[in-house]
1. Report the net charge of residues surrounding Ala32, where surrounding means a beta-carbon distance below 14 angstrom and charges are Lys +1, Arg +1, Asp -1, Glu -1.
2. Hey, what angle do you get for helix 25-40 against the long axis of the chain, alpha-carbon based, 0 to 90 degrees rounded to 10?
3. Report the local net charge at Ser7: Lys and Arg +1, Asp and Glu -1, summed over other residues whose C-beta lies under 15 Å from its C-beta.
4. What is the distance, in nm, between label points placed 7 Å from the Cα along the Cα-to-Cβ direction at Ala32 and at Thr44?
5. Using only Cα atoms and rounding to the nearest 10 degrees, what angle (0 to 90) does helix 46-85 make with the longest principal axis of the chain?
6. Could you line up Ile70, Ile15, Ile52 from fewest to most neighbouring Cβ atoms inside 10 Å?
7. Just to be sure I understand the model, the point goes 7 Å from the Cα along the line to the Cβ. What's the resulting Asp78 to Asp23 distance in nm?
8. Treat every Asp and Glu Cβ in the chain as -1 and every Lys and Arg Cβ as +1, leave all other atoms uncharged, and give the resulting dipole magnitude about the Cα centre to the nearest 20 debye.
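Read-outs throughout are calculated quantities, based only on the coordinates presented, and are distinct from any laboratory measurement. Quick caveat, the model's predicted, so the values are computed rather than measured. Glycine also receives a Cβ, built like all others from the backbone with ideal geometry; neighbour counts cover every protein chain displayed.
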Amino acid sequence: MDRSELSLTALLDEINASLRRGDFSDLASLTAAMQAAEVRAQGTDPEELRQIRRLAERNARTMIAARRGIQAARRRIDEVMSAARGLVTYDRQGHRVEERNSTGLAQRF
C-alpha cells in the first residue's frame, strides 16, 4: 500500500492499529510516511490539529502499554527459563544449592 499520500490522522490510525497487532516492523515504514504528511500538514486548521494531537496522545498511551506488555513477556520468559534450569535453594550457611534432579513434579504424580 502506498502510504505517501495519507493524511496525518490516517497514518496515526495505522500506527495505532500496528501497535495493537504487535506489528512493530510496520512502524518503520510508517515513519517516512509521517514525515511526508507533516510537510503537507502546514496550514492545517486548529480543529484538525487538535484531532491530530488527540490521536498522537492515544498512540503514546498505546506505545506505553505495548512496552509494558513486552516487559511482562520478557519477565515471564525469564521465569520459565529459570524454572527449566532447576530449583535453586540455599543451605544453612547461605550457599546456593541448585537442584537439577530429573524427577520433577510431573513424575511424582
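1. -3
2. It works out to around 20 degrees.
3. Residues close to Ser7 contribute a combined charge of -3.
4. Rounded to a tenth, the inter-label distance reads 2.1 nm.
5. 20
6. So the residues, fewest neighbours to most, are Ile70, Ile52, Ile15.
7. Between Asp78 and Asp23, the label points sit 3.1 nm apart.
8. Dipole magnitude for the chain comes out near 760 debye.
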